[in-house]
Amino acid sequence: MVTAIVLAGGQKKGLILGQEELLINEAMIQIGEKHMIEYVIQALKGSSYIKEIIVSGTVEKIQKIFYEVPNLVLVQSGETVIESFKNAIMALNTPDCKLLIVTADLPLLTTEAVDYFLKTCFEREGDLFYPVVKKEINDQRYPGVQRTYVNLKDGTFTGGNIFFLDPTIIKRTLPVAEKLVKYRKKPIRLASCIGWGVLIRYLLGTLSLENAEEAVSKMIGIRGTVIVSPYPEVGIDVDKDSDLELARKLLCS
């Protein structure tokens, strides 16, 4: 079984609500009658793979929403994504349980998308699993949505905002993970962190998914596995006004 960790401590500048000076907790952004995080929790609760959910966020606010939800643990978020993750790890009831890491800004996430990803992870070998989605699938399902894409030998892909991992790798991979998280939306910086050979192959258009998978695995010292997902919802996060407008259009109609 799987424990899901939802990282819900992120702050968005009020630009997303048309208020430039105000900081908004992204998990609490209103979409219809629900807060954004409620859509994420709903998708996770529907999965037969997930035994427990830990939310790392602003406990004072989030507990008012989920005070009656079973098998859900709340912990205070840290100042960074990695600190929030560490706080959630401390609250694990089953230390050896596989972990699904999810950000709270994925209101379009569905149980079907979660189950496909987890099922595929269990069928493959690896310590850390990461989903990518082909650009043509994103464009077909959500035309006009702006995403950060990487052009590889086998196609053009965008990354997801969920991860699946074996908890035994956490201690030795956190320092590298911090860099990867920091540059996840900057392909060239990310490639340079992994290695100059990877960067050169990326710039020449000869880098494949398999090459990237092998390079990251070697860099971190684990078995990293890329899952090509047919579900764009694993990566459509609310980063800007247009993302929020899309979510409200689809979820409030």
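Working note: Karplus 6.51/-1.76/1.60 with θ = phi - 60° gives the range 90-98 the couplings 5, 9, 4, 7, 10, x, 9, 6, 4 Hz, where Gly and Pro are set to x.
How much of the DSSP bridge set in the range 1-106 is antiparallel, in percent, rounded to the nearest 5? All intermediate terms of the calculation are to be shown ahead of the outcome.
Working: 5 of 23 bridges.
The answer is about 20 percent antiparallel.
Directionally averaged projected area (the range 1-106, Cα convex hull): 6.7 nm². Here the 3J(HN,Hα) profile of the range 101-116, calculated from phi with Karplus coefficients 6.51, -1.76 and 1.60 at θ = phi - 60°, is 9, 9, 8, 7, 9, 10, x, 8, 4, 10, 4, 4, 5, 5, 5, 4 Hz, Gly and Pro shown as x.
Residues whose amide H falls under 5 Å from that of residue 54, counting only those 5 or more places apart or on a different chain, are 4, 5, 6, 73, with hydrogens built in the peptide plane. The HN-Hα couplings worked out from phi for the range 207-219 by the Karplus form 6.51 cos²θ - 1.76 cosθ + 1.60 (θ = phi - 60°) are 7, 9, 4, 5, 4, 5, 4, 5, 5, 5, 4, 5, 5 Hz, whole numbers, x standing for Gly and Pro. Amide H to amide H, with H built 1.01 Å from N, residue 104 comes under 5 Å of 7, counting only residues 5 or more places away or on other chains.
Read the figures in this text as sums done on the coordinates, not as results from a lab. This structure is a prediction, so every number in the text was calculated from the model and none was measured.
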